[in-house]
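**Student:** Starting off with a structure, shown below.
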Amino acid sequence: MAVIPVALAGRDYEVHVGPDLLDRTMELARPFIEALARPRKVPVVADREARRYHGERLERSLASGGREIAWYDIEPGERSKSWAELERLTDWLLSLGVTRGEHVFALGGGVVGDLTGFACAILKRGCGFVQLPTTLLAQVDSSVGGKTAINTAAGKNLIGAFHQASLVLADLSTLETLPPRELRAGYAEVLKYGVLGDTAFFDWLADHGAAALTLEPEALEHAVATSVAAKARIVAEDERETTGRRALLNLGHTFGHALEAQTGFSDRLLHGEGVALGMVLAARYSARRGDLSSQDAERITRAVDAAGLPAEIAALGLNCTGAALVEHMLHDKKMAAGTLPFILLRGIGDAYLARDVELSDVAAFLDEQMRAH
Ligand code: GLY
């Protein structure tokens, strides 16, 4: 098991990465469980599927400490990150009498983590929560760093708060029940950490990424722990995304967001798939500007393709113009005061925030990409 500290003054916490951690929840999360006066039940908000696969293990572990669970089920899917679900969940937590010094547990992927985290941020002006992420994407990205949110008609994640968990237990065994396509989509975020800031990790993934994707224990633990450590470092430097450092984590996301929006945020393109293809586009656009060598852009494309992730926008068969995709980007919340920042690359492991990108140039580039290949 790897233990990665997230160093935030006064709110530092640990992310544990390893197999079978849910079976050890009582031992690893004891202080947070014991804070709840007996005989009250431990509140666990769970994705319905995650509860089906892993609920019993969690129940057994807590039972070893004489504790029972009060379950709250969430329907899988982004639609659960809604005002209506937030209202139901906070009402439920209030009905249990959860207080500020107590902790709520979130079992599932990004949807459950984001919704529960936000509910905990506003419940009595903030109670504690523990993340038990069960998807690769949640383990390497959304469960770490304190971004919590719901979606509204105006867009995704537009209502939310920074609220850090008190502990994250990333149980690698949960990935065994994850559909392969979702595993690959989560792997896009793993690859992202190599591309944005760690050449050695990028090279390691070229040799061992396939083993991680087949859940070979050592390779998987190294891939997840290295990703979490990269994210923890960046979050500790720029928790609220004010210096531009944390914005680097959005590599691939501006292009990816446009593709997700154009495909209706549907199964046609999962978030991680959009990020993977977005990363290729960011690399190729960086090469087109003369910032990145075409060889490095090609290596990134090959890494995405080798993981079974989409690397060519033309293959999506989008029936739109580059300008229409740029229009989607403008609706992304990352747009600051009229400029659209892009995360671009000077090399593999060397991402930077570019504020001088001409949107007409991006549209022309996307038109070229949609015609090419
Ligand atoms: N997923 C990007 C961030 O946490 O900042």
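The values are calculated or read from the model by the stated rules, or taken from the named source; none is laboratory data. The model shown is predicted, which means the values in this text are computed figures rather than measured ones. Here the Cβ is made from the backbone with ideal geometry for all residues, glycine too, and neighbour counts use every protein chain on show.
**Student:** If I ask for residues that are in a strand (DSSP E or B) and within 14 Å of the chain's Cα centre (by Cα), which ones from region 151-193 would you list?
**Tutor:** So in region 151-193, the residues in a strand (DSSP E or B) come out as 151-152, 155-162, 167-171.
Correct list: Lys156, Asn157, Val168, Ala170.
**Student:** With over 20 Å from Tyr187 (Cα atoms), surrounded by fewer than 16 Cβ atoms within 10 Å (Cβ to Cβ), of a type outside the set (S, T, N, Q) and in contact (Cβ under 8 Å) with a residue 40 or more places away in the chain as the only criterion, which of Ala306, Ala323 stands out? Spell out how you get there, then give the answer.
**Tutor:** Details: Ala306 fails: over 20 Å from Tyr187 (Cα atoms).
The match here is Ala323.
**Student:** Name the residue, out of Met279, Met329, that is modelled with pLDDT under 95 and in a helix (DSSP H, G or I). Before the answer, list the steps.
**Tutor:** Details: Met279 fails: modelled with pLDDT under 95.
Just a single option satisfies the conditions, and that option is Met329.
A quick yes/no check of all residues on (1) within 16 Å of the ligand (Cβ to nearest atom); (2) under 30 Å from Arg51 (Cβ atoms):
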{"residue": "Leu196", "(1), (2)": "yes, no"}
{"residue": "Leu205", "(1), (2)": "no, no"}
{"residue": "Gly264", "(1), (2)": "no, yes"}
{"residue": "Arg284", "(1), (2)": "no, no"}
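**Student:** While we're on this one: I'd like to check something: does region 214-224 contain any residue that is within 16 Å of the ligand (Cβ to nearest atom), touching a residue at least 60 places away in the same chain (Cβ under 8 Å) and not small (Gly, Ala, Ser)? Please lay out each step first, then the result.
**Tutor:** Taking region 214-224 and keeping what is within 16 Å of the ligand (Cβ to nearest atom), we get 224.
Next, only the ones that are touching a residue at least 60 places away in the same chain (Cβ under 8 Å) stay: 224.
This time we only want the ones that are not small (Gly, Ala, Ser), so: 224.
Checked region 214-224: at least one residue is within 16 Å of the ligand (Cβ to nearest atom), touching a residue at least 60 places away in the same chain (Cβ under 8 Å) and not small (Gly, Ala, Ser).
**Student:** When the residues of region 167-194 are filtered to those that are within 16 Å of the ligand (Cβ to nearest atom) and of a type in the set (Val, Ile, Thr), which remaining residue is nearest to Phe129 (Cα to Cα)?
**Tutor:** Among them, the one singled out is Val168.
**Student:** Report, by residue number, each residue of region 213-226 that is farther than 14 Å from Val17 by Cα and surrounded by 16 or more Cβ atoms within 10 Å (Cβ to Cβ).
**Tutor:** Leu213
**Student:** Is it fair to say Arg268 is basic (Lys, Arg) and not in a helix (DSSP H, G or I)? Lay out the reasoning, then the answer.
**Tutor:** Working: basic (Lys, Arg): yes; not in a helix (DSSP H, G or I): yes.
Considered against the rule, which asks whether it is basic (Lys, Arg) and not in a helix (DSSP H, G or I), Arg268 comes out as yes.
**Student:** To continue, here is another question. Pairs needed: first member in region 134-158, within 10 Å of the ligand (Cβ to nearest atom) and modelled with pLDDT under 95; second member anywhere, assigned to a strand (DSSP E or B) and of a type outside the set (A, V, I, L, M, F, W, C); C-beta distance under 8 Å; at least 6 residues apart or different chains.
**Tutor:** What qualifies is Asn157/Lys147; Asn157/Asn151.
**Student:** Let me ask another. Asp305 is checked against (1) modelled with pLDDT under 95; (2) part of a helix (DSSP H, G or I); (3) acidic (Asp, Glu) and fails just one. What number does that condition carry?
**Tutor:** Evaluating Asp305 over (1) modelled with pLDDT under 95; (2) part of a helix (DSSP H, G or I); (3) acidic (Asp, Glu) leaves (1) as the failure.
**Student:** Taking the options Ala287, Ala261, name whichever one is more than 17 Å from Gly194 (Cα to Cα), surrounded by 17 or more Cβ atoms within 10 Å (Cβ to Cβ), modelled with pLDDT under 95 and not acidic (Asp, Glu).
**Tutor:** Numbers: Ala287 fails: modelled with pLDDT under 95.
The unique qualifying residue is Ala261.
**Student:** Please list, ordered by first then second residue, the pairs with beta carbon atoms under 9 Å, 6 or more apart or interchain, first in region 344-373 and of a type in the set (Ser, Thr, Tyr), second not in a helix (DSSP H, G or I).
**Tutor:** From residues that are of a type in the set (Ser, Thr, Tyr), the pairs are Tyr352/Gly244; Tyr352/Asp291; Tyr352/Ile343; Tyr352/Leu344; Tyr352/Leu345; Tyr352/Arg346.
**Student:** Sticking with this one: Condition first: surrounded by 24 or more Cβ atoms within 10 Å (Cβ to Cβ), not hydroxyl-bearing (Ser, Thr, Tyr) and not in a helix (DSSP H, G or I). Now tell me which residues in region 106-139 satisfy that.
**Tutor:** Once the filter is applied, which keeps residues that are surrounded by 24 or more Cβ atoms within 10 Å (Cβ to Cβ), not hydroxyl-bearing (Ser, Thr, Tyr) and not in a helix (DSSP H, G or I), region 106-139 yields Ala106, Leu107, Gly108, Gly109, Phe129, Val130, Gln131, Leu132, Pro133.
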